[in-house]
Amino acid sequence: MKPLFYLNKYLLKYKWRLVLGTIFIIFSNLFGAYMPSIVNTATDNIIEYTNSSVHKDGEQSIMMLALYLAGTYVFLSFMKGVFLFFTRQTIIIMSRLIEYDLKNEIYNKYQALDMSFYKSNKTGDIMNRISEDVSKVRMYLGPAIMYSINLVVLFVLVISFMLRINVELTLYALMPLPIMSFLVYKVSRIINMKSEKVQISQSNLSSFVQEKISGIRVLKAYNRSNHFIEEFKEETLNYQIANLSLAKTNALFMPVIIFLIGLSTTITIYVGGEKAIDGKIDIGDILQFVIYVNMLTWPFASVGWVTSMVQRAAASQKRLNEFLELESEIKNAKNPIKDIKGSIEFKNVSFRYPESNILALNQVSFSIEEGTVVGITGKTGCGKSTIANLMCRLYDVTEGEILINNKNIKAYDISALRTAFGYVPQEVFLFSDTVANNISFGLKDGEVNEAKIIQAAKDAQVYENIINFEEGFETKIGEKGVTLSGGQKQRLSIARAIIKSPDYMIFDDCLSAVDTHTEENILKNLDRIMKNKTAVLIGHRISTLKNADRILLFDKGKLIEQGSHESLLANKKEYFELYERQHVKK
Ligand SMILES: Nc1ncnc2c1ncn2[C@@H]1O[C@H](COP(=O)(O)OP(=O)(O)OP(=O)(O)O)[C@@H](O)[C@H]1O
Ligand SMILES: [Mg+2]
């Protein structure tokens, strides 16, 4: 139960719905509990009437009474229904509102957590928390709370009605009910366990299909379809087995309940019958009892059901709490500096990826003066993208420090920092949205205008491509949309970064998929855009970097050479060799 206490703040927030819901439950049950006594009165009167010697004139009054009782019964059941409706309208709606709040809380947490969290958790797990776990918690907040209150209220009301009629009969009639609660609890647990298995095999099945569909091109090219058809059969078979076993247990559920109701009813009639023969109670009372026993059945059955529901919710909430308590390693300092300007300096920076322990940067020192362009090159895996990650503070350094305007990067406001940086990551990611929205992604709502989007597209040399699409800038890309070529994607990603016109720019290998002619055009535009801005240009081709004010050459996480293109060539060391190799190839 303890993990669920976390939700108390939400219950408090919606306390009036809960209080009202409880009042509605009380009223609904109050009307419900009176109904059997009407049946009792009616029965007794009919028996009395039929037993008495025939009074023709009595027929009129007994008909009137019957009409009155029937009317009352209908009225009571109508009122019961009305309050039942309001109960669901308050408590179930409360659970939906909390579900909404909780999902938002979790999503905000996702946004606040740093990259390490995403690297060390599977996407499927992250998704499950916000969907599966939250929906299990909702079952506690809605149905579980509602049925629990209902049970207590109904129990108190009905039992007090029953006790008033006959104490001994009450005890006999109730005897089988706790057994039922227990059995239902056991059966629900088995059902839950089996449903979980079904869920697991279902998610296996869908991940299987999803992966094979996204890799369909490779799959077809390598002619592996038949192989995977067999594998799919196996996966569906697992799913089928899990489902059949669940169905078997489910089939057991109702018979158990029906048997125990039958038992209760039989005991009531038997014991009640004996008492009626002794004249302690009358036939109407037995009838009233039988109805009460049936009324209590579902609430008692729900004890077992609710218990297992609460257990599952607690397990889910425990998982949620574990993660809601996580703190991002990367946090704002107190009174963070919001104004970001000046040079960037790496001072003896070493960096180890927390997930893999790989030392990606080793004692690196360099500086980028304000308003200059620095090119970074080096073999694959030498740490270039890591530098970009550190500059945007996606990670914090392991050793050494990064200074902006001679102050530690940690002193700056993170969101101001990220606004100041235009970052084109190496792995292009575009959202399933229109071209225009993808380009204007980094802008605040008020800042978006068509002219800016068109200018950015032109600067990134992707404008011609876009206007050739049928719907131009309104073309949808991504799933269900137009598929872009690698180079088109890269250029859209560049447009997205430069539209912000940020003071700092990082281009991580973003010209690798464009031809040299286009590259030259883009570089020419970037020259203009980067004027007076501080920029980092990462690339493998020297042609990309040669105009940079300074070029850094990395090898295995170490900075091995730096200087202008000309001075590095004159050095005749690694950079020169790299240049020669690339030149010979052309
Ligand atoms: N998220 C990560 N988690 C763990 N290790 C990583 C991560 N990203 C990179 N690495 C490791 O850090 C090292 C440096 O990687 P980095 O991406 O900085 O290289 P790079 O110079 O950008 O290479 P490329 O030219 O191929 O883009 C590599 O050994 C890589 O395996
Ligand atoms: Mg890289």
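The values are calculated or read from the model by the stated rules, or taken from the named source; none is laboratory data. On a predicted model such as this, the values are computed, not experimentally measured, just so you know. For neighbour counting, all protein chains shown are included, and Cβ atoms are generated from backbone atoms with ideal geometry for every residue, glycine included. What goes into the accessible areas is simple: the full protein's heavy atoms, side chains included, and nothing from ligands, DNA or RNA. Shrake-Rupley method; radii C 1.70, N 1.55, O 1.52, S 1.80 Å.
Every residue in the stretch 489-518 that is farther than 30 Å from Asn405 by Cα and surrounded by fewer than 21 Cβ atoms within 10 Å (Cβ to Cβ), please.
Filtering the stretch 489-518 for residues farther than 30 Å from Asn405 by Cα gives 489-492, 512-518.
Those that are farther than 30 Å from Asn405 by Cα and surrounded by fewer than 21 Cβ atoms within 10 Å (Cβ to Cβ): Lys489, Ser512, Ala513, Asp515, Thr516, His517, Thr518.
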remark   = Considering residues that are surrounded by 14 or more Cβ atoms within 10 Å (Cβ to Cβ) and of a type in the set (Val, Ile, Thr), the number found within the stretch 155-178 is 4
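Residue by residue, here is whether (1) of a type in the set (D, E, K, R); (2) within 30 Å of Thr266 (Cα to Cα) holds:
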position: Phe117; (1), (2): no, no
position: Met127; (1), (2): no, no
position: Leu154; (1), (2): no, yes
position: Val158; (1), (2): no, yes
position: Leu163; (1), (2): no, yes
position: Ser181; (1), (2): no, yes
position: Asn192; (1), (2): no, no
position: Glu196; (1), (2): yes, no
position: Asn204; (1), (2): no, no
task = Identify all residues within the stretch 254-268 that are modelled with pLDDT under 85 and open to solvent by 40 Å² or more (accessible area, probe 1.4 Å); write none if there are none.
result = Met254
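Considering only residues of the stretch 111-131 that are in a helix (DSSP H, G or I) and surrounded by 15 or more Cβ atoms within 10 Å (Cβ to Cβ), which is nearest to ligand 2 (Cβ to nearest atom)?
Step one: filter the stretch 111-131 for residues in a helix (DSSP H, G or I), giving 111-112, 115-120, 123-131.
Pick out the ones that are also surrounded by 15 or more Cβ atoms within 10 Å (Cβ to Cβ) and you get 115-117, 126, 128-130.
Details: Met115: 15, Ser116: 18, Phe117: 21, Ile126: 24, Asn128: 31, Arg129: 30, Ile130: 31 Å.
Of everything passing the filter in the stretch 111-131, Met115 is nearest to ligand 2 (Cβ to nearest atom).
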request  = Kindly indicate whether any position in the stretch 381-392 is away from ligand 2 (no atom under 16 Å from the Cβ) and assigned by TED's automatic domain parsing to the domain that holds Leu492.
outcome  = no
ask   = Going by the structure shown, is Gly371 farther than 30 Å from Glu196 by Cβ and away from ligand 1 (no atom under 16 Å from the Cβ)?
value = yes
request  = Mind listing whichever residues of the stretch 4-40 are farther than 30 Å from Val293 by Cβ and open to solvent by less than 30 Å² (accessible area, probe 1.4 Å)?
outcome  = Leu4, Leu7, Tyr10, Leu11
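Can you give me the number of residues within the stretch 403-460 that are within 16 Å of ligand 1 (Cβ to nearest atom) and surrounded by 21 or more Cβ atoms within 10 Å (Cβ to Cβ)? First the steps, then the outcome.
Taking the stretch 403-460 as the starting set, the residues that turn out to be within 16 Å of ligand 1 (Cβ to nearest atom) are 423-429.
Okay, now just the ones that are also surrounded by 21 or more Cβ atoms within 10 Å (Cβ to Cβ), so 423-424.
Final tally of qualifying residues: 2.
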task = Can you run down the residue pairs with Cβ atoms below 8 Å, 6 or more apart or on separate chains, where the first is in the stretch 352-377 and acidic (Asp, Glu) and the partner is assigned to a strand (DSSP E or B)?
result = Glu369/Thr534; Glu370/Thr534
ask   = Looking at the stretch 531-547, which of its residues are open to solvent by less than 10 Å² (accessible area, probe 1.4 Å) and over 43 Å from the mean Cα position of the chain (by Cα)?
value = Ile542
message = When you check Lys197 against the structure, is it surrounded by 15 or more Cβ atoms within 10 Å (Cβ to Cβ), basic (Lys, Arg) and in a helix (DSSP H, G or I), yes or no?
response = yes
inquiry  = Which of the numbered conditions does Thr50 fail, given that it passes all the others? Conditions: (1) away from ligand 1 (no atom under 16 Å from the Cβ); (2) open to solvent by less than 90 Å² (accessible area, probe 1.4 Å); (3) of a type in the set (Ser, Thr, Tyr).
reply    = (2)
